[in-house]
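Written below as C-alpha coordinates is the structure these notes are about.
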Amino acid sequence: MSDSDMCSHHGDPDSSGGTYPNETMKLLFERASCRSFSDQKVPAEIMKQILGAGIHAATGGNLQPYSIIKTEKKEACEKLAELCGGQPWIADAPVNLLFCIDYHRLERWAGLEVAPYSARNSFRHFWTGIQDTVIAAQNICTAADSLGLGSVYIGSLLECLRQLRDMLELPDGVFPLVLLSLGYPKTRAQPRKKLGVKVIVHDEKYVELDDLALLDAFERKYPQSKREIKEDRMERIVAVCRNVRGEDFARRCLEKINSQGYISVAHNYFGLHYVADGMPDGNEEFMSIAEEFGLGWFKKFRYTGESES
Ligand SMILES: Cc1cc2nc3c(=O)[nH]c(=O)nc-3n(C[C@H](O)[C@H](O)[C@H](O)COP(=O)(O)O)c2cc1C
(Lines give C-alpha, C1' and ligand atoms only; values in the text may rest on other atoms or scores of the structure.)
Protein backbone atom coordinates (compact mmCIF):
# COMPACT_ATOMS: atom_id res chain seq x y z
CA MET A 1 0.00 0.00 0.00
CA SER A 2 1.47 3.38 -0.96
CA ASP A 3 1.68 6.27 1.51
CA SER A 4 -0.86 8.28 -0.47
CA ASP A 5 -3.33 5.37 -0.41
CA MET A 6 -2.66 4.83 3.27
CA CYS A 7 -3.36 8.47 4.06
CA SER A 8 -6.33 8.88 1.73
CA HIS A 9 -8.66 9.10 4.72
CA HIS A 10 -6.66 11.57 6.80
CA GLY A 11 -8.47 14.62 5.49
CA ASP A 12 -7.48 18.04 4.27
CA PRO A 13 -4.81 20.31 5.76
CA ASP A 14 -6.08 23.38 7.56
CA SER A 15 -4.16 26.46 6.49
CA SER A 16 -6.40 28.94 8.27
CA GLY A 17 -3.87 29.63 11.07
CA GLY A 18 -4.88 31.76 14.03
CA THR A 19 -3.85 33.75 17.05
CA TYR A 20 -3.84 32.15 20.46
CA PRO A 21 -3.96 33.50 23.98
CA ASN A 22 -0.98 31.37 25.07
CA GLU A 23 1.51 28.72 23.99
CA THR A 24 -0.58 25.81 25.29
CA MET A 25 -3.54 26.88 23.17
CA LYS A 26 -1.30 27.28 20.14
CA LEU A 27 0.07 23.78 20.73
CA LEU A 28 -3.43 22.28 20.98
CA PHE A 29 -4.76 24.05 17.89
CA GLU A 30 -1.71 23.38 15.77
CA ARG A 31 -1.05 19.75 16.69
CA ALA A 32 -0.99 17.19 13.92
CA SER A 33 -0.03 13.55 13.68
CA CYS A 34 3.61 13.09 12.72
CA ARG A 35 4.52 10.28 10.31
CA SER A 36 8.02 11.40 9.38
CA PHE A 37 10.74 11.04 12.02
CA SER A 38 14.39 12.09 11.93
CA ASP A 39 17.17 9.75 13.15
CA GLN A 40 17.64 11.86 16.30
CA LYS A 41 17.30 9.80 19.47
CA VAL A 42 15.06 11.03 22.28
CA PRO A 43 17.33 11.74 25.29
CA ALA A 44 16.47 9.67 28.37
CA GLU A 45 15.83 12.81 30.46
CA ILE A 46 13.31 14.15 27.89
CA MET A 47 11.60 10.75 27.74
CA LYS A 48 11.37 10.69 31.53
CA GLN A 49 9.64 14.08 31.55
CA ILE A 50 7.19 13.08 28.81
CA LEU A 51 6.28 9.83 30.54
CA GLY A 52 5.99 11.63 33.87
CA ALA A 53 3.48 14.03 32.31
CA GLY A 54 1.46 11.02 31.14
CA ILE A 55 1.17 9.34 34.50
CA HIS A 56 -0.04 12.59 36.08
CA ALA A 57 -3.24 12.45 33.99
CA ALA A 58 -6.68 12.11 35.55
CA THR A 59 -7.66 8.48 36.22
CA GLY A 60 -10.85 7.00 37.66
CA GLY A 61 -10.47 6.62 41.43
CA ASN A 62 -6.75 7.43 40.95
CA LEU A 63 -6.25 3.71 40.22
CA GLN A 64 -4.03 4.06 37.10
CA PRO A 65 -5.04 0.72 35.56
CA TYR A 66 -2.60 0.92 32.67
CA SER A 67 0.94 0.05 31.68
CA ILE A 68 3.09 1.54 28.94
CA ILE A 69 5.58 -0.71 27.17
CA LYS A 70 8.42 1.44 25.81
CA THR A 71 10.24 0.06 22.76
CA GLU A 72 13.44 1.74 21.55
CA LYS A 73 15.46 -1.12 20.06
CA LYS A 74 15.48 -0.79 16.26
CA GLU A 75 14.66 -4.47 15.58
CA ALA A 76 11.75 -4.34 17.99
CA CYS A 77 10.37 -1.14 16.36
CA GLU A 78 10.71 -2.84 12.96
CA LYS A 79 8.87 -5.88 14.29
CA LEU A 80 6.07 -3.63 15.60
CA ALA A 81 5.84 -1.96 12.17
CA GLU A 82 5.56 -5.34 10.48
CA LEU A 83 2.91 -6.57 12.93
CA CYS A 84 0.87 -3.36 12.58
CA GLY A 85 0.38 -3.68 8.84
CA GLY A 86 3.70 -2.35 7.56
CA GLN A 87 3.31 1.32 8.49
CA PRO A 88 6.89 2.58 7.93
CA TRP A 89 6.75 5.43 10.48
CA ILE A 90 6.56 2.85 13.30
CA ALA A 91 9.96 1.46 12.28
CA ASP A 92 11.41 4.96 11.74
CA ALA A 93 10.29 6.30 15.13
CA PRO A 94 13.03 6.14 17.77
CA VAL A 95 10.43 5.28 20.43
CA ASN A 96 7.19 3.32 20.34
CA LEU A 97 4.91 3.28 23.35
CA LEU A 98 2.29 0.58 23.69
CA PHE A 99 -0.55 1.67 25.99
CA CYS A 100 -2.24 -1.28 27.69
CA ILE A 101 -5.08 -1.54 30.15
CA ASP A 102 -3.49 -3.28 33.13
CA TYR A 103 -5.68 -5.09 35.63
CA HIS A 104 -2.82 -7.44 36.48
CA ARG A 105 -0.80 -5.06 38.67
CA LEU A 106 -3.87 -4.09 40.72
CA GLU A 107 -4.79 -7.76 41.11
CA ARG A 108 -1.33 -8.55 42.47
CA TRP A 109 -1.60 -5.61 44.87
CA ALA A 110 -5.04 -6.69 46.07
CA GLY A 111 -3.80 -10.28 46.41
CA LEU A 112 -0.78 -9.27 48.49
CA GLU A 113 -3.04 -7.14 50.68
CA VAL A 114 -5.55 -10.01 50.91
CA ALA A 115 -8.21 -7.64 49.50
CA PRO A 116 -11.18 -8.71 47.31
CA TYR A 117 -10.78 -8.14 43.56
CA SER A 118 -12.84 -8.65 40.39
CA ALA A 119 -11.71 -5.83 38.04
CA ARG A 120 -10.78 -8.19 35.18
CA ASN A 121 -14.39 -9.38 35.17
CA SER A 122 -16.13 -6.03 35.37
CA PHE A 123 -17.36 -4.00 32.40
CA ARG A 124 -17.34 -0.93 34.65
CA HIS A 125 -13.63 -1.33 35.30
CA PHE A 126 -12.94 -2.06 31.63
CA TRP A 127 -14.81 1.06 30.54
CA THR A 128 -12.94 3.29 32.97
CA GLY A 129 -9.68 1.53 32.11
CA ILE A 130 -10.01 2.46 28.44
CA GLN A 131 -10.58 6.07 29.36
CA ASP A 132 -7.71 6.18 31.87
CA THR A 133 -5.27 4.63 29.40
CA VAL A 134 -6.18 6.93 26.53
CA ILE A 135 -6.14 10.07 28.69
CA ALA A 136 -2.61 9.20 29.85
CA ALA A 137 -1.62 8.61 26.22
CA GLN A 138 -2.97 11.99 25.17
CA ASN A 139 -1.08 13.75 28.00
CA ILE A 140 2.06 12.10 26.65
CA CYS A 141 1.30 13.31 23.10
CA THR A 142 0.83 16.87 24.29
CA ALA A 143 3.93 16.76 26.48
CA ALA A 144 5.94 15.40 23.55
CA ASP A 145 4.61 18.14 21.24
CA SER A 146 5.52 20.80 23.80
CA LEU A 147 9.13 19.56 23.81
CA GLY A 148 9.44 19.68 20.03
CA LEU A 149 8.67 16.01 19.32
CA GLY A 150 5.87 14.61 17.19
CA SER A 151 3.79 11.46 17.44
CA VAL A 152 1.14 9.35 15.76
CA TYR A 153 -1.30 6.88 17.28
CA ILE A 154 -1.44 3.44 15.69
CA GLY A 155 -4.73 1.62 16.01
CA SER A 156 -4.03 -1.30 13.70
CA LEU A 157 -2.51 -3.30 16.56
CA LEU A 158 -5.98 -4.74 17.01
CA GLU A 159 -5.06 -7.15 14.20
CA CYS A 160 -1.99 -8.53 16.01
CA LEU A 161 -2.95 -8.66 19.69
CA ARG A 162 -1.70 -12.22 20.27
CA GLN A 163 1.64 -11.53 18.59
CA LEU A 164 2.09 -8.41 20.74
CA ARG A 165 1.29 -10.36 23.89
CA ASP A 166 3.92 -12.97 22.98
CA MET A 167 6.54 -10.44 21.86
CA LEU A 168 6.17 -8.21 24.92
CA GLU A 169 5.40 -10.99 27.43
CA LEU A 170 2.15 -9.42 28.60
CA PRO A 171 0.65 -11.24 31.59
CA ASP A 172 -3.06 -12.06 31.96
CA GLY A 173 -5.12 -8.93 32.58
CA VAL A 174 -2.91 -6.70 30.40
CA PHE A 175 -4.62 -5.71 27.15
CA PRO A 176 -3.05 -3.52 24.41
CA LEU A 177 -5.18 -0.52 23.46
CA VAL A 178 -3.13 1.76 21.25
CA LEU A 179 0.44 2.26 20.09
CA LEU A 180 2.10 5.67 19.89
CA SER A 181 5.12 6.19 17.64
CA LEU A 182 7.11 9.22 18.64
CA GLY A 183 10.30 11.09 17.88
CA TYR A 184 11.66 14.32 16.43
CA PRO A 185 9.82 15.27 13.24
CA LYS A 186 11.71 15.34 9.96
CA THR A 187 8.97 17.60 8.66
CA ARG A 188 6.14 19.12 10.67
CA ALA A 189 2.71 18.07 9.39
CA GLN A 190 0.06 20.73 8.91
CA PRO A 191 -2.98 20.47 11.18
CA ARG A 192 -5.99 18.76 9.57
CA LYS A 193 -9.32 20.44 9.12
CA LYS A 194 -11.89 19.36 11.71
CA LEU A 195 -15.66 19.59 12.06
CA GLY A 196 -16.26 22.89 13.86
CA VAL A 197 -17.37 23.54 17.42
CA LYS A 198 -20.90 24.34 16.20
CA VAL A 199 -21.21 20.82 14.79
CA ILE A 200 -19.60 18.95 17.65
CA VAL A 201 -20.97 20.89 20.62
CA HIS A 202 -24.69 20.87 21.42
CA ASP A 203 -26.12 23.48 23.75
CA GLU A 204 -28.07 21.87 26.58
CA LYS A 205 -29.44 18.98 24.47
CA TYR A 206 -28.60 17.09 21.29
CA VAL A 207 -29.48 19.21 18.27
CA GLU A 208 -29.88 17.42 14.91
CA LEU A 209 -28.43 19.32 11.93
CA ASP A 210 -30.65 19.40 8.85
CA ASP A 211 -29.37 17.40 5.85
CA LEU A 212 -27.92 20.38 3.99
CA ALA A 213 -26.12 21.74 7.04
CA LEU A 214 -24.68 18.30 7.73
CA LEU A 215 -23.45 17.83 4.17
CA ASP A 216 -22.03 21.35 4.22
CA ALA A 217 -20.13 20.68 7.47
CA PHE A 218 -18.43 17.64 5.97
CA GLU A 219 -17.78 19.47 2.68
CA ARG A 220 -15.98 22.21 4.63
CA LYS A 221 -13.94 19.60 6.45
CA TYR A 222 -12.89 17.76 3.27
CA PRO A 223 -12.98 20.27 0.39
CA GLN A 224 -10.16 18.55 -1.54
CA SER A 225 -10.30 14.91 -0.55
CA LYS A 226 -12.54 13.54 -3.32
CA ARG A 227 -11.00 10.62 -5.19
CA GLU A 228 -10.91 9.84 -8.86
CA ILE A 229 -13.26 7.17 -10.17
CA LYS A 230 -11.23 4.07 -11.05
CA GLU A 231 -12.58 0.70 -12.06
CA ASP A 232 -11.02 -1.28 -9.19
CA ARG A 233 -12.21 1.26 -6.60
CA MET A 234 -15.74 1.17 -8.00
CA GLU A 235 -15.83 -2.63 -8.03
CA ARG A 236 -14.77 -2.66 -4.39
CA ILE A 237 -17.30 -0.03 -3.30
CA VAL A 238 -20.14 -1.73 -5.14
CA ALA A 239 -19.21 -5.09 -3.60
CA VAL A 240 -19.18 -3.54 -0.12
CA CYS A 241 -22.59 -1.91 -0.74
CA ARG A 242 -24.00 -5.21 -1.97
CA ASN A 243 -22.68 -7.05 1.09
CA VAL A 244 -24.16 -4.64 3.61
CA ARG A 245 -27.34 -3.34 1.96
CA GLY A 246 -28.09 -5.55 -1.07
CA GLU A 247 -28.28 -5.16 -4.85
CA ASP A 248 -30.65 -2.19 -5.01
CA PHE A 249 -28.49 -0.10 -2.66
CA ALA A 250 -25.36 -1.05 -4.65
CA ARG A 251 -27.06 0.22 -7.82
CA ARG A 252 -28.09 3.51 -6.14
CA CYS A 253 -24.57 4.02 -4.81
CA LEU A 254 -23.07 3.40 -8.27
CA GLU A 255 -25.53 5.89 -9.83
CA LYS A 256 -24.70 8.48 -7.18
CA ILE A 257 -20.94 8.22 -7.70
CA ASN A 258 -21.23 8.25 -11.50
CA SER A 259 -23.58 11.23 -11.51
CA GLN A 260 -21.31 13.32 -9.24
CA GLY A 261 -18.20 12.23 -11.16
CA TYR A 262 -15.95 11.41 -8.16
CA ILE A 263 -15.63 9.11 -5.16
CA SER A 264 -16.78 11.14 -2.18
CA VAL A 265 -15.02 11.09 1.18
CA ALA A 266 -17.87 9.06 2.73
CA HIS A 267 -17.56 6.46 -0.04
CA ASN A 268 -13.82 6.40 0.47
CA TYR A 269 -14.09 5.99 4.26
CA PHE A 270 -16.77 3.31 4.37
CA GLY A 271 -16.44 1.72 0.93
CA LEU A 272 -12.67 1.56 0.54
CA HIS A 273 -10.91 2.12 3.85
CA TYR A 274 -12.97 1.22 6.92
CA VAL A 275 -15.03 -1.11 4.72
CA ALA A 276 -18.59 -1.44 6.01
CA ASP A 277 -18.76 -5.15 5.21
CA GLY A 278 -15.43 -6.05 6.79
CA MET A 279 -15.30 -3.87 9.91
CA PRO A 280 -17.76 -5.95 11.95
CA ASP A 281 -15.86 -9.15 11.06
CA GLY A 282 -14.41 -10.95 14.01
CA ASN A 283 -16.57 -9.33 16.70
CA GLU A 284 -16.87 -12.68 18.47
CA GLU A 285 -13.17 -13.34 17.92
CA PHE A 286 -12.33 -10.12 19.80
CA MET A 287 -14.44 -11.35 22.71
CA SER A 288 -12.52 -14.59 22.81
CA ILE A 289 -9.21 -12.73 22.54
CA ALA A 290 -10.26 -10.59 25.51
CA GLU A 291 -11.04 -13.79 27.43
CA GLU A 292 -7.70 -15.28 26.38
CA PHE A 293 -6.02 -12.13 27.75
CA GLY A 294 -7.67 -12.76 31.10
CA LEU A 295 -10.54 -10.27 30.75
CA GLY A 296 -14.08 -11.55 31.18
CA TRP A 297 -16.19 -8.40 31.51
CA PHE A 298 -18.76 -9.66 28.98
CA LYS A 299 -19.68 -12.71 31.08
CA LYS A 300 -21.46 -13.20 34.35
CA PHE A 301 -18.85 -13.07 37.08
CA ARG A 302 -18.46 -16.17 39.20
CA TYR A 303 -15.73 -16.55 41.72
CA THR A 304 -13.84 -19.70 40.73
CA GLY A 305 -11.23 -19.83 43.40
CA GLU A 306 -8.49 -20.08 40.78
CA SER A 307 -6.45 -17.24 42.21
CA GLU A 308 -6.46 -18.83 45.72
CA SER A 309 -3.04 -20.29 46.51
C1 LIG B 1 -7.30 5.57 17.92
C2 LIG B 1 -6.46 6.09 16.78
C3 LIG B 1 -5.89 5.20 15.89
C4 LIG B 1 -5.08 5.67 14.84
N5 LIG B 1 -4.44 4.77 14.03
C6 LIG B 1 -3.59 5.21 13.08
C7 LIG B 1 -2.82 4.30 12.34
O8 LIG B 1 -2.92 3.07 12.49
N9 LIG B 1 -1.97 4.81 11.42
C10 LIG B 1 -1.81 6.16 11.21
O11 LIG B 1 -1.00 6.54 10.37
N12 LIG B 1 -2.55 7.05 11.92
C13 LIG B 1 -3.42 6.62 12.85
N14 LIG B 1 -4.10 7.52 13.63
C15 LIG B 1 -3.95 8.96 13.41
C16 LIG B 1 -5.16 9.52 12.67
O17 LIG B 1 -5.13 9.08 11.33
C18 LIG B 1 -5.13 11.05 12.75
O19 LIG B 1 -5.28 11.45 14.10
C20 LIG B 1 -6.25 11.66 11.90
O21 LIG B 1 -6.03 11.41 10.54
C22 LIG B 1 -6.37 13.16 12.13
O23 LIG B 1 -5.14 13.79 11.81
P24 LIG B 1 -4.38 14.67 12.92
O25 LIG B 1 -4.02 13.76 14.07
O26 LIG B 1 -3.14 15.17 12.21
O27 LIG B 1 -5.31 15.74 13.35
C28 LIG B 1 -4.90 7.07 14.67
C29 LIG B 1 -5.49 7.96 15.57
C30 LIG B 1 -6.24 7.49 16.63
C31 LIG B 1 -6.83 8.47 17.61
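The values are calculated or read from the model by the stated rules, or taken from the named source; none is laboratory data. The shown structure was predicted, so the numbers you read here are calculated from the model rather than taken from an experiment. All Cβ positions, even for glycine, are placed from backbone atoms using ideal geometry, and neighbour counts span all protein chains on display. All accessible areas refer to the heavy atoms of the entire protein, side chains included, with ligands and DNA or RNA removed. Shrake-Rupley method; radii C 1.70, N 1.55, O 1.52, S 1.80 Å.
Across all Cα atoms of segment 64-189, the radius of gyration (one decimal) and Dmax (whole number) stand at 15.5, 53 Å. Just want to confirm a number: the relative contact order over segment 1-96, from Cα pairs under 8 angstrom separated by 6+ residues, in percent. Here the relative contact order equals 29 percent. Rolling a 1.4 Å probe over the protein heavy atoms gives the chain an accessible area of 61 Å² per residue. Volume per residue of the convex hull around the Cα atoms, evaluated for segment 117-238, comes out as 252 Å³. Seen against the Cα atoms of the chain and their longest principal axis, helix 247-260 is set at about 60 degrees.
Mean separation of Cα pairs under 8 Å and 6 or more residues apart, divided by the residue count, gives the chain a relative contact order of 24 percent. Per-residue ellipticity at 222 nm, computed for the chain from helices alone with -39500 (n - 2.57) per DSSP H run of at least four residues, works out to -13000 deg cm²/dmol. Once Rg and the Kirkwood radius are both taken over the C-alpha atoms of segment 1-143, their ratio Rg/Rh works out to 1.03. Pairwise Cα distances in segment 228-284 exceed 19 Å for 21 percent of all pairs. Nonpolar atom fraction for segment 54-127, defined as the carbon and sulfur part of the 1.4 Å probe accessible area, stands at 55 percent. Rounded to the nearest 10 degrees, the inclination of helix 44-55 to the longest alpha-carbon principal axis of the chain is 90 degrees. Between Tyr269 and Glu291, the contour length at 0.36 nm per residue exceeds the alpha carbon distance by 4.9 nm. The Rg/Rh ratio of the chain, with both radii computed over alpha carbons and Rh defined as the Kirkwood radius, is 1.00. Separation of the alpha carbons by more than 21 angstrom is noted, of Lys26/Lys193; Lys41/Lys186; Lys186/Lys221; Lys48/Lys73; Lys198/Lys226; Lys79/Lys194, for Lys186/Lys221; Lys198/Lys226; Lys79/Lys194.
Between Lys205 and Glu113, the modelled label-to-label distance comes to 4.4 nm, taking each label 7 Å out from Cα in the direction of the beta carbon. Simple spin-label estimate for Lys74 and Glu255 gives 5.8 nm between the two label positions (7 Å along the Cα-to-Cβ direction from each Cα). Under 18 Å from a point placed 7 Å out from the Cα of Gln138 along the Cα-to-Cβ direction: which residues of segment 156-185 have their backbone N that close? Of the residues in segment 156-185, 177-181 have backbone N under 18 Å from the label point off Gln138. Note: segment 85-126, Cα convex hull, 106 Å³ per residue.
The C-alpha radius of gyration of segment 53-96, expressed as a fraction of 2.2 N^0.38 Å, stands at 1.50. What share of Cα pairs, in percent, lie more than 11 angstrom apart in segment 141-187? For segment 141-187, the share of Cα pairs beyond 11 Å comes to 71 percent. Binning all Cα-Cα separations of segment 49-122 at 10 Å, short to long from zero, yields these whole-percent fractions: 17, 35, 28, 18, 3.
Taking the 0 to 90 degree range and rounding to the nearest ten, how far is the long axis of helix 123-146 tilted relative to the main principal axis of the chain, both from C-alpha atoms? Tilt relative to the chain: about 70 degrees.
In percent, rounded to a whole number, the relative contact order of segment 112-239 is 19, using alpha-carbon pairs under 8 Å and six or more apart.
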